[in-house]
């Protein structure tokens, strides 16, 4: 397969979303639906998961509106830092059972960590944890898309 030059790629920002339950708890899944042409791109072999643990809102089982606002700001900062040069691409977001998970595919994990350090404000801490695994075929992203398709 021939992959496009990442420097020339314009990310299609259309999303598909689904609500459901997992073990009786509400779950939200969002995924960019048109990244299949990038799946398995040899320059983006690392799956980077950024996890924010939140307090469950007693009524909805989801984050409070204040926390959702902070999460949106965090996501915007991360996407801005990563996608300006397609260093890393946000593929999907999962929210369930006290965790918001942003899943990116990255070209360089050390550079990703440095960009996170540089972009997130130090005076307003964001309670995030990072994990990374090789996923050169983007299996998790493709599996997530399959679960969202009718």
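The values are calculated or read from the model by the stated rules, or taken from the named source; none is laboratory data. This is a predicted model, so every value here is computed, not measured. Cβ placement follows ideal geometry from the backbone for every residue including glycine, while neighbour counts extend to all protein chains displayed.
Taking region 124-145 only, how many residues are under 15 Å from residue 113 (Cα atoms) and in a loop (DSSP other than H, G, I, E, B)? Residues that pass the stated criteria total 2.
Listed here are the residues, each with its yes/no results for (1) under 20 Å from residue 11 (Cβ atoms); (2) crowded, with 16+ Cβ neighbours inside 10 Å; (3) touching a strand residue (DSSP E or B) at 6+ places or on another chain (Cβ under 6 Å).
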| site | (1), (2), (3) |
| --- | --- |
| 36 | yes, no, no |
| 55 | no, no, no |
| 63 | no, yes, no |
| 70 | no, yes, no |
| 83 | yes, yes, no |
| 99 | no, no, yes |
| 103 | yes, yes, yes |
| 110 | no, no, no |
| 116 | yes, yes, no |
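Each residue in region 90-123 was checked for being under 19 Å from residue 71 (Cβ atoms) and assigned to a strand (DSSP E or B), and 13 pass.
Confirm whether residue 10 is at pLDDT below 90, exposed (fewer than 11 other Cβ atoms within 10 Å of the Cβ) and assigned to a loop (DSSP other than H, G, I, E, B). Spelling it out, it is not the case that residue 10 is at pLDDT below 90, exposed (fewer than 11 other Cβ atoms within 10 Å of the Cβ) and assigned to a loop (DSSP other than H, G, I, E, B). Of all residues in region 127-142, those satisfying the criterion of being modelled with pLDDT of 95 or more and more than 13 Å from the chain's Cα centre (by Cα) are 133, 134, 135, 136, 137, 139, 142.
Taken over region 40-58, the criterion of being in a loop (DSSP other than H, G, I, E, B), over 30 Å from residue 3 (Cα atoms) and touching a helix residue (DSSP H, G or I) at 6+ places or on another chain (Cβ under 9 Å) is satisfied by 54, 55, 57.
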